[in-house]
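Visitor: If you scroll down you'll find the structure; I have some questions about it.
The values are calculated or read from the model by the stated rules, or taken from the named source; none is laboratory data. Bear in mind the structure is a predicted one, so any value in this text is a computation, not a measurement. Cβ sites come from the backbone with ideal geometry, for glycine too, and all protein chains shown count toward neighbours.
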Amino acid sequence: MPALSAKQLRKSYGQHEVVAGVDLTIQRGECFGLLGPNGAGKTTTLRLLLGLIEPDAGEITLLGHAVPQEARQARLRVGVVPQMDNLDPDFTVEENLMVYGRYFGLSDNAIKQRIPELLKFAGLVGRADSRIQALSGGMKRRLTLARALVNDPDLIFLDEPTTGLDPQARHLIWQGLRGLITQGKTVLLTTHFMEEAERLCDRLIIMDNGKLIACGSPRELVDQHIEPSVVELYGDTAHSWAERFGTSLCERTEIAGETLFCYTHDSEALINTLRSQSTLRYLHRPANLEDVFLKLTGRDMRE
Amino acid sequence: MKDFLRPPALSLRFIPVWRRNFMVWRKLAIPSILGNLADPMLYMLGLGYGLGGLLPQVAGVPYIAFLAAGTVCYSTMNSATFEVLYSGFSRMHVQKSWEAILNAPLTLDDVMLGEITWAASKSLLSGLAILSIIWGLGLYQSFSLSLWLIPLALLIGFCFAGIGLIMTAVSPSYDFFMYYFTLVITPMTLLCGVFFPATQLPHTLHQIAAFLPLTHAVDLARPLLLGRMPEHVFMHVLVLAGYGIIGFHIALCLVRRRLLK
């Protein structure tokens, strides 16, 4: 039985269909990514899956329970890391874990026994009595993650867990998440950092305008949607270069500002041509998930 | 029927929410009790002895004995009102504590039930604080009848917490609550017989006051402190409970619409 499945999920606000027929299945022990630009419907999908809001149509089964009808039973076995930290500022680090554990019906003793392990996981040993205001952004995020583990959940929802963190803090969170995946926890992650999805996710879907537009492992998606090599050209003559050589030396080009992206299966001729000139700076790299994402969702700004 | 209008589904899961608020209160218990006590105490003693010295008798008793019951009622009303308005709004809107709780196996119905029972508990605490002064000063006729003010404090708290939660549910910011105090709480305090018998007011105002919950609280509390069984107990209790229950349900529907969209 999968950890989570959703069929033909729909949710509208007024005329605007925010989730427009989403299907997804997450196997136990899998790290599953939900990607999409801002406003794609990721957070609404998460809230539907958790049973916080009712879908207009569709079926959800979360850890064997029908949602939203049995959302309460399902959420007993789920941990959630929300997009915005909502730790309790009235409490210390330890009290936050204690109070949150009680919401799951755990006894004070059971929570007390679990706290040292959670503090260790969060890298907050010795900070048990710190006030929340005294913690850095990274510490708060790690504590929020530890709080989501207080009930030893089978499935963990993370809504943009590393947004706003510096690289050090981000790597610490990734390390923690990999540890959880190794332990066999199922993880559902939304992000708009492609690097994060590429590192952590076994499979992922890309959403845009409430619909699924791609599904697969990061590698599969790159192989399916994008030529393997990318050459990025920078400079004000990139445009005129593209007009002269673009179509003949690579299969597909895209322009974003003063940067020209050349996608190709065989970059040799292109690189040779570029070596013989001196005005254009260029970068040659393998295609990645970000290229897929931008190809599928476009380069326009999202609000 | 619109989904957010469904009746509350109550469960014992509200208890950890109540405990959370109690745990915060315990950290600041002493200043909180003093704060709850200082304002009504000053009014009761200042007006009771100061103004009372100029008055022969009010409704057949010394003014301070008359004022004591009013003080219990309006201080328990204020206590629950402040709790659900300012502290409740902090937890709902500013700290997002409710959203954090909703990710655990609790519903908004549980959270709101935790809030209303906690606000009623705070009214009980301030009611007890005032009562202990009343007992200390001997401002009662029958000790056993005065004990009924303890459950009454809880009921008044429940009533005004229910009404107050409606304001919390629709409020865009803390400033909004000033309207509620200026337009509802203060007029009610003046119309409902807290400081002087409501019969002193023009007939129309007196009639309006009969519909306000604080009137029913005072009509129960005053006879109890003056050593008599109140009249129409069942009706007064029903009005207070009714305001609380209906207020709670309206507030719950509004908060569902606000948070669960």
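Visitor: Is it the case, given these coordinates, that residue B:230 is surrounded by fewer than 21 Cβ atoms within 10 Å (Cβ to Cβ) and touching an Asp or Glu at 6+ places or on another chain (Cβ under 7 Å)?
Guide: yes
Visitor: Please enumerate the residues belonging to the range B:140-163 that are under 10 Å from residue B:225 (Cβ atoms) and surrounded by fewer than 24 Cβ atoms within 10 Å (Cβ to Cβ).
Guide: B:140, B:141, B:142, B:145, B:146, B:148
Visitor: If you go through the range B:10-28 one residue at a time, do you hit one that is part of a helix (DSSP H, G or I), exposed (fewer than 15 other Cβ atoms within 10 Å of the Cβ) and away from every other protein chain (no Cβ under 14 Å)?
Guide: For the range B:10-28, residues part of a helix (DSSP H, G or I), exposed (fewer than 15 other Cβ atoms within 10 Å of the Cβ) and away from every other protein chain (no Cβ under 14 Å): absent.
Visitor: Could you check, for the range A:144-158, whether at least one of its residues is more than 14 Å from every other protein chain (Cβ to nearest Cβ), of a type in the set (Asp, Glu) and not in a strand (DSSP E or B)?
Guide: no
Visitor: A further question follows. Return the only residue of B:183, B:201 being among the hydrophobic types (A, V, I, L, M, F, W, C) and at pLDDT 95 or above.
Guide: B:183
Visitor: Tally up the residues in the range A:1-60 that are over 27 Å from residue B:4 (Cα atoms) and small (Gly, Ala, Ser), please.
Guide: Quick first cut of the range A:1-60, residues over 27 Å from residue B:4 (Cα atoms) only: A:1-3, A:24-38.
Those left that are additionally small (Gly, Ala, Ser): A:3, A:29, A:33, A:36.
Total satisfying the criteria: 4.
Visitor: Okay, next question. Taking residue A:118, is it more than 21 Å from the chain's Cα centre (by Cα) and surrounded by fewer than 21 Cβ atoms within 10 Å (Cβ to Cβ)? Step through it out loud before you land on a result.
Guide: Numbers: more than 21 Å from the chain's Cα centre (by Cα): yes; surrounded by fewer than 21 Cβ atoms within 10 Å (Cβ to Cβ): no.
Taking the combined requirement at face value, the residue does not satisfy it.
Visitor: For the range A:213-282, list the strands (runs of 3 or more DSSP E) that sit wholly inside it and hold at least 2 residues that are out of contact with any His (no Cβ under 8 Å at 6 or more places or on another chain) and in contact (Cβ under 8 Å) with a residue 40 or more places away in the chain; which are they?
Guide: Values: elements: A:229-234, A:252-256, A:259-264.
Qualifying strands (runs of 3 or more DSSP E): A:229-234, A:252-256.
Visitor: Let me ask you something else. Restricting to the range A:283-303, count the residues that are within 18 Å of residue A:213 (Cβ to Cβ) and touching a residue at least 60 places away in the same chain (Cβ under 8 Å).
Guide: Qualifying residue count for the region: 11.
Visitor: Is it the case that residue B:60 is surrounded by 18 or more Cβ atoms within 10 Å (Cβ to Cβ), under 24 Å from residue B:229 (Cα atoms) and away from chain A (no Cβ under 14 Å)?
Guide: Criteria not met by residue B:60.
Visitor: Could you tell me which of the residues B:118, B:135 is of a type in the set (Phe, Trp, Tyr), more than 19 Å from residue B:252 (Cβ to Cβ) and assigned to a helix (DSSP H, G or I)?
Guide: None of the others qualify; the one that does is B:135.
Visitor: May I pose another question? So which of A:60, A:173 is closer than 19 Å to residue A:4 by Cβ and under 21 Å from the mean Cα position of the chain (by Cα)?
Guide: When all the criteria are applied, what remains is A:60.
Visitor: A follow-up question, please. When you go through A:124, A:155 one by one, which is the residue that is within 26 Å of the chain's Cα centre (by Cα) and farther than 22 Å from residue A:193 by Cβ? Walk me through how you get there before you give the answer.
Guide: On the way: A:155 fails: farther than 22 Å from residue A:193 by Cβ.
So the residue among A:124, A:155 that is within 26 Å of the chain's Cα centre (by Cα) and farther than 22 Å from residue A:193 by Cβ is A:124.
Visitor: Quickly run through the range A:80-107 and pick out the residues that are more than 8 Å from chain B (Cβ to nearest Cβ) and within 23 Å of residue A:184 (Cα to Cα).
Guide: Across the range A:80-107, the qualifying residues are A:81, A:97, A:101, A:106.
Visitor: Give me the residue from the range B:93-107 that is in a helix (DSSP H, G or I) and closer than 17 Å to residue A:100 by Cβ and, out of that set, nearest to the other protein chains (Cβ to nearest Cβ).
Guide: Among those that are in a helix (DSSP H, G or I) and closer than 17 Å to residue A:100 by Cβ, it is B:100.
Visitor: If you don't mind, there's one more thing I want to ask. State whether the residues of the range A:136-145 include one that is more than 20 Å from residue A:33 (Cα to Cα) and surrounded by fewer than 18 Cβ atoms within 10 Å (Cβ to Cβ).
Guide: Yes, the conditions are met somewhere in the range A:136-145.
Visitor: Out of the residues in the range A:77-94 meeting the condition of being over 26 Å from the mean Cα position of the chain (by Cα) and closer than 15 Å to residue B:17 by Cβ, tell me which one is surrounded by the most Cβ atoms within 10 Å (Cβ to Cβ).
Guide: Only one residue fits best here, namely A:90.
Visitor: Still on this structure: Report every pair of residues separated by at least 6 positions or lying on different chains whose Cβ atoms are under 9 Å apart, first residue within the range B:184-197 and under 13 Å from residue B:68 (Cα atoms), second among the acidic types (Asp, Glu).
Guide: Pairs found: B:193/B:219.
Visitor: Considering only residues that are under 18 Å from residue A:148 (Cβ atoms) and assigned to a loop (DSSP other than H, G, I, E, B), which ones fall in the range A:61-81?
Guide: A:63, A:76, A:77
Visitor: Residues being of a type in the set (Ser, Thr, Tyr) and under 35 Å from the mean Cα position of the chain (by Cα): count how many of those fall in the range A:248-280.
Guide: Going through the range A:248-280 one residue at a time, the tally reaches 5.
Visitor: Something else now. Of the residues A:3, A:20, A:110, A:66, only one is more than 11 Å from every other protein chain (Cβ to nearest Cβ) and buried (at least 20 other Cβ atoms within 10 Å of the Cβ); which? Explain how you work it out, then say what you get.
Guide: Numbers: A:20 fails: buried (at least 20 other Cβ atoms within 10 Å of the Cβ); A:110 fails: buried (at least 20 other Cβ atoms within 10 Å of the Cβ); A:66 fails: buried (at least 20 other Cβ atoms within 10 Å of the Cβ).
Criteria check complete, one pass: A:3.
Visitor: Condition first: polar (S, T, N, Q) and exposed (fewer than 15 other Cβ atoms within 10 Å of the Cβ). Can you find one or more residues in the range A:264-271 that meet it?
Guide: Checked against the condition, which is being polar (S, T, N, Q) and exposed (fewer than 15 other Cβ atoms within 10 Å of the Cβ), the range A:264-271 yields no hits at all.
Visitor: Being more than 9 Å from chain B (Cβ to nearest Cβ), at positive phi and out of contact with any Cys (no Cβ under 9 Å at 6 or more places or on another chain) narrows it down to one residue among A:164, A:137; which is it?
Guide: A:164
Visitor: Just to check your reading of the model, which residue among B:239, B:255 is in a helix (DSSP H, G or I), within 14 Å of chain A (Cβ to nearest Cβ) and within 30 Å of residue B:4 (Cα to Cα)?
Guide: B:255
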